[in-house]
Amino acid sequence: MPKRLAVLGQPISHSRSPAIHNAALAELGLSDEWSYEAMEVAPGEFEARVRAMPGEGFVGANVTVPHKLAALAIADEVSDAAREIGAANTLTFAGGRIAAENTDATGFLKSLPEPPEGKRALVLGAGGSARAVVWALVTSGAEVRIWNRTLEKAERLAEEFGAKAPGATNDPHEFDLIVNATSVGMGTAGTAAEPGADLKALHLDADSLGERHQVVDLAYGSEETELVRVARARGATVVDGLEVLVRQGAASLRIWTGMDPPIETMRQAARTAWHRKNAPDI
Ligand code: ATR
């Protein structure tokens, strides 16, 4: 019996998830039976597509923009994380039922160099990605402050999850862990209008970043983001967006297969896929 997996989104053609997961399935010796593909799905087609999948041999799916709310709504069983975050990125089909989980949160936690308990964390952003990050940090016992370009959204998110409301400035001296969960830097590395533009958009003073900081940038593009480059140059411990993507994928793969995911193989596949996808079309 083939066991199919997929990532559902729109757009989806640039997703690195098929490369990451197929490399992992090969490493685990599962490629004869298991496979992972990308599926472009428009919002109006999402529910019908998902309901058809178990009959087509699918045992699970990752779900990305713009379907993470719909993925939660369609599920028969929902994890605490997915329910509290209000979004799901991982579906499992078994016994005629659909289970939903959010591995954006668990994958983010796995990507951290140290457990965040007791750390003073600054989360930049208040959109969908930030919700998973704030939930993960607050439930792990970090002290979380949220900053967002639109301050009211940060205030609402802080209130909902028991984090602190935005401060007037993002002074890195006040924090141990800084997470960029905005779209600043996403796909724009190397084409940024001017040096310093991303840090300016995030209201971060580069000179205040140093060795005592852990910096996580959920954004990734064809090259290092400005935040990753600057933080690394200043001696901070840095986790980039591809590492978080890999950890999220690994957490999903563990749910579907019950096996330990081969993280290093997945990392290499993410970075190779990145170069291949970004190669000029000739
Ligand atoms: P995602 O699902 O990736 O989180 P989203 O929900 O659209 O996407 O959220 C995007 C986040 O990036 C928001 O926090 C947004 O800030 P606003 O709430 O003010 O829109 C932030 N963002 C996007 N472009 C930005 C920019 N140029 N400067 C600062 N923040 C930006």
message: Could you compute how fast the stretch 202-252 diffuses translationally, taking Rh as the Kirkwood radius over C-alpha pairs and applying Stokes-Einstein at 10 °C with viscosity 1.306 mPa s? Give it in µm² per second.
response: 138
task: Answer with one residue from 268, 213, 14: the one whose Cα lies farthest towards the positive end of the charge dipole of the chain, charges on Cβ with Lys, Arg +1 and Asp, Glu -1.
output: 14
- prompt: Under a 5 Å amide H to amide H cut-off, with H placed in plane at 1.01 Å, what residues pair with residue 142 once short-range neighbours are removed?
  reply: 118
Selection of trypsin sites (Lys or Arg not before Pro), the stretch 194-236, meeting DSSP coil and at most 14 other Cβ within 10 Å: 212
- line: Across 249, 96, 127, the residue with the highest GNM fluctuation in the chain (Cα network, 10 Å cutoff) is 96
field: Paramagnetic reach from residue 272 (point 7 Å along Cα→Cβ, amide N under 15 Å) across the stretch 7-24
entry: 16-24
- prompt: About its Cα centre, how strong a charge dipole does the stretch 59-193 have in debye, to the nearest 20, once Lys and Arg get +1 and Asp and Glu get -1 at the Cβ?
  reply: 300
field: Test item: Cα-centred dipole of the chain, Lys/Arg +1 and Asp/Glu -1 on Cβ, debye
entry: 200
message: Testing the spin-label approximation: label points 7 Å from Cα along Cα→Cβ at residue 65 and residue 114. State their distance in nm.
response: 3.3
query: So what is log10(I(q)/I(0)) for the stretch 32-73 at q = 0.14, 0.32 1/Å, when the Debye sum runs over its Cα atoms only?
result: -0.32, -1.41
- request: Find how much the distance from residue 159 to residue 212 grows on full extension, using 0.36 nm per residue of separation minus their present alpha carbon separation; answer in nm with one decimal.
  value: 16.3 nm
- prompt: Applying 1/(1 + (r/R0)^6) with R0 = 41 Å to the Cβ-Cβ distance of residue 3 and residue 139, what FRET efficiency is obtained, to the nearest 0.05?
  reply: 0.85
query: Of the lysine pairs in the chain, how many meet both conditions: Cα atoms under 25 Å apart, and a spacing of 8 or more in sequence or different chains?
result: 12
- request: Would you mind telling me which residue in 214, 248, 268 has the biggest mean-square fluctuation in a Gaussian network model of the chain, where springs connect alpha carbons within a distance under 10 angstrom?
  value: 268
- line: Computed about the Cα centre, the charge dipole of the stretch 1-111 from +1 Lys/Arg and -1 Asp/Glu charges at the Cβ has a magnitude in debye, to the nearest 20, of 80
query: What percent of all Cα-Cα pairs in the chain falls in each 10 Å bin, counting up from 0?
result: 7, 29, 35, 22, 7, 0
Projected-area mean, the stretch 109-260, by convex hull of Cα positions, square nanometres: 9.1
- prompt: Of 170, 82, 139, whose Cα points farthest to the positive end of the dipole of the chain (charges on the beta-carbon: +1 Lys, Arg; -1 Asp, Glu; origin at the Cα centre)?
  reply: 82
query: When the chain is fully extended, how far beyond the present Cα-Cα distance does residue 263 get from residue 28, taking 0.36 nm per residue of separation?
result: 83.5 nm
field: Exposed-loop-free span, longest in the chain, where GluC sites (Glu not before Pro) count as exposed if DSSP calls them loop and at most 15 other C-beta atoms lie within 10 Å
entry: 118-210
field: Charge context of residue 27, other residues only, Cβ under 13 angstrom, K/R +1, D/E -1
entry: -1
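Every read-out reported here was derived from the displayed coordinates using simple, explicitly stated rules and does not represent laboratory data. Quantities reported herein were computed from a predicted structural model and do not represent experimental measurements. For neighbour counting, all protein chains shown are included, and Cβ atoms are generated from backbone atoms with ideal geometry for every residue, glycine included.
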